[in-house]
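Some notes on the structure that comes next.
None of the figures in this text is laboratory data; all of them are computed from the coordinates on show. Being a predicted model, the structure only gives us computed values, none of them experimental. Cβ placement follows ideal geometry from the backbone for every residue including glycine, while neighbour counts extend to all protein chains displayed.
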Amino acid sequence: MRNKKGRPINGWVVVDKPGGITSTQVVGRVRRLYDARKVGHGGTLDPIATGVLPIAMGEATKTVSYAMDGIKSYRFTLRWGQRTETDDSEGAVVETSDHRPSEAEIRAVLPQFAGDIEQVPPLYSAVKVSGQRAYDLARAQEDFDLPPRTVTIYAFDLVATPDRDHATFEVTCGKGTYMRSLARDLGQALDTVAHIVELRRLRVGPFTESGAISLESLEAFGHSPAALEQVLPVEAALDDIPALALSETEASRLRCGQPVSLIARTNRERIRELSNGTIVFATAGGKPVALARYEAGDIHPVRVLNL
């Protein structure tokens with residue numbers, strides 16, 4: 001008899017999220033489709049946003065943070081001359097400006113947003129303030145400030161200016177970067193105001209737009225084998241993490257929560273490029289075993305993968 005709590009499916013499904021629904025709603029629909037026991041997602045997208053939303057099932061949920069820590073890419077279109085309370089088209093307009101920057105002016109300020117920059121998250125965001133979500137405080141019209149945080153911008157390119165009121169950009173960035181804040185701050189740097197009207201995520205770590213399937217297409221498969229063919233292995237999220245092959249004996253120790261010593265001279269080649277604190281993806285016989293941390297010649301289990 002199948003467990004009433006759902007099926008033990010392990011792996012990733014990369015959904016091309018449609019606009020107009022929340023990331024949580026997408027997770028719910030994927031959960032029902034697969035009747036999966038445990039489901040989570042790799043990085044929230046705003047309701048207006050579309051694009052890459054990796055959905056983790058079963059043991060893959062243990063690797064979500066590693067996918068979210070990866071490089072992300074976005075394309076967004078902003079509207080000049082209007083600031084909204086949410087910094088996107090879902091909020092009411094709270095400030096206007098007649099100034100419209102030229103393409104040359106836009107390109108001139110983009111270098112200000114390269115590298116490590118300070119960014120204040122939008123007031124309507126999931127950041128916690130004294131235990132409460134910022135968006136709940138904002139909706140309640142509470143007065144509060146969000147501290148700036150350091151984020152990394154690897155690339156910020158102007159790709160189109162369809163008319164005086166709009167401009168489209170592509171951004172490659174590190175974790176925790178808000179596109180709505182980027183649009184808001186760009187407007188301020190150009191002596192105007194702005195908000196996002198379209199937003200699409202192109203990449204989350206190893207997961208890309210080309211490998212995503214639309215929610216509509218996925219649901220059309222129903223409970224058929226074709227739906228299961230869309231499930232990527234758990235290790236799909238770990239492409240950027242060093243792999244470390246273990247013997248079955250070493251793997252058994254790690255699975256039991258015990259550290260594995262690799263300090264012997266015969267292991268030097270295996271650990272030659274590892275530094276203290278490095279997270280590794282441990283395997284045995286080609287199968288995932290655990291995410292582990294290297295410390296002074298020992299491998300310590302961080303998340304054991306029960307596969």
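What dipole magnitude, in Debye to the nearest 20, does region 198-307 give about its Cα centre under +1 on Lys/Arg Cβ and -1 on Asp/Glu Cβ?
Working: 12 positive and 14 negative charges, 105 e Å.
Computed about the Cα centre, the dipole is about 500 debye.
About the Cα centre of the chain, how large is the charge dipole given +1 on each Lys and Arg Cβ and -1 on each Asp and Glu Cβ? Please answer in debye to the nearest 20.
Details: 37 positive and 39 negative charges, 343 e Å.
With only Lys, Arg, Asp and Glu charged at Cβ, the dipole is about 1640 debye.
Using the per-residue mean of other Cβ atoms lying within 10 Å as a proxy for protection, in what order, highest first, do the peptides 158-164, 117-123 fall? Show your work: numbers first, answer last.
Details: 158-164: 11.6, 117-123: 18.9.
Listed from highest to lowest mean packing, they are 117-123, 158-164.
If I take every Cα pair under 8 Å that is 6 or more residues apart in the chain, average their sequence separation and divide by the length, what percent do I get for the relative contact order?
Details: 645 pairs, mean separation 63.2, N = 307.
So the answer I get is 21 percent.
Using amide H atoms built in the peptide plane, which far-off residues or other-chain residues are under 5 Å from Val302 H to H?
Leu291, Ala292, Arg293
Going by how many other beta carbons lie within 10 Å of each one, how would you line up Met57, Met68, fewest first? Mind showing how you got there, number by number?
Values: Met57 25, Met68 18.
Fewest to most other Cβ atoms nearby, the residues stand as Met68, Met57.
Determine the distance separating the Cα centre of region 1-73 from the Cα centre of region 228-289; give it in Å without decimals.
Each part's Cα centre sits 25 Å from the other's.
Express in nm, to one decimal, how much length is gained between Glu95 and Ser275 on full extension, taking 0.36 nm for each residue of separation and deducting their alpha carbon distance. Walk me through the intermediate numbers first.
Details: separation 180, 0.36 × 180 = 64.80 nm, distance 5.05 nm.
My answer for the length gained is 59.8 nm.
If you compute mean projected area of the Cα convex hull in nm² for the structure shown, which of [x] 18.6; [y] 19.5; [z] 16.2 do you land on?
Recomputing mean projected area of the Cα convex hull in nm² here picks out [y].
Tell me, what HN-Hα J-couplings in whole Hz come from the Karplus equation 6.51 cos²θ - 1.76 cosθ + 1.60 at θ = phi - 60° for each residue of region 210-217, using x for Gly and Pro?
With the stated coefficients, region 210-217 comes to 5, x, 8, 10, 5, 4, 4, 5 Hz.
Using a Gaussian network model on the chain with a 10 Å cutoff between Cα atoms, which of Leu228, Leu186, Leu202 fluctuates the most?
Among Leu228, Leu186, Leu202, the largest GNM mean-square fluctuation belongs to Leu228.
Need one number: % antiparallel among DSSP beta bridges in region 241-304, to the nearest 5.
Values: 14 of 17 bridges.
Counting only bridges with both partners in region 241-304, antiparallel ones make up about 80 percent.
Can you pull the one-decimal nm distance between simple spin-label points at Tyr135 and His223, each 7 Å off the Cα toward Cβ?
About 3.2 nm, to one decimal.
Anything over 21 Å Cα to Cα? Flag those among Lys17/Lys38; Lys62/Lys287; Lys128/Lys175; Lys5/Lys287; Lys17/Lys72; Lys38/Lys128, in the order listed. If you can, show how the numbers build up before the last one.
Values: Lys17/Lys38 19 Å; Lys62/Lys287 16 Å; Lys128/Lys175 17 Å; Lys5/Lys287 26 Å; Lys17/Lys72 15 Å; Lys38/Lys128 25 Å.
Pairs exceeding the cut-off: Lys5/Lys287; Lys38/Lys128.
Relative to a virtual label point 7 Å from the Cα of Thr249 in the Cα→beta-carbon direction, which members of region 266-290 show backbone nitrogen distances below 17 Å?
Output list for this probe position: 266-268, 284-285.
On a full-extension model of 0.36 nm per residue, what is the gain between Arg268 and Cys256, subtracting their alpha-carbon distance, rounded to one decimal in nm? Intermediate values should be presented prior to the final figure.
Working: separation 12, 0.36 × 12 = 4.32 nm, distance 2.40 nm.
Stretched fully, the Arg268-Cys256 segment lengthens by 1.9 nm.
In the chain, what % of DSSP beta bridges are antiparallel (nearest 5)?
Working: 61 of 70 bridges.
Counting only bridges with both partners in the chain, antiparallel ones make up about 85 percent.
Which one of Gly70, Val39, Gly115 has its Cα pushed farthest toward the positive end of the charge dipole of the chain, where Lys and Arg give +1 and Asp and Glu give -1 at the Cβ?
Val39
Which of Ile196, Pro18, Val289 sits farthest toward the positive end of the charge dipole of the chain, with +1 on the Cβ of Lys and Arg and -1 on the Cβ of Asp and Glu?
Value computed over the given set: Val289.
Name the long-range amide H neighbours of Arg100: under 5 Å, sequence gap of 5 or more, or other chain; modelled H, no Pro or chain starts.
none
Add -39500 (n - 2.57) for each DSSP H run of 4 or more in the chain, then divide by its residues: what number comes out at 222 nm, to the nearest 500 deg cm²/dmol?
Values: 9 runs with 63 residues, N = 307.
Counting only the DSSP helices, I get -5000 deg cm²/dmol.
Can you list residues whose amide H is under 5 Å from Glu198's amide H, if they're 5+ apart or on another chain and H is modeled 1.01 Å from N?
Amide H neighbours of Glu198, under 5 Å, 5+ apart: Thr77.
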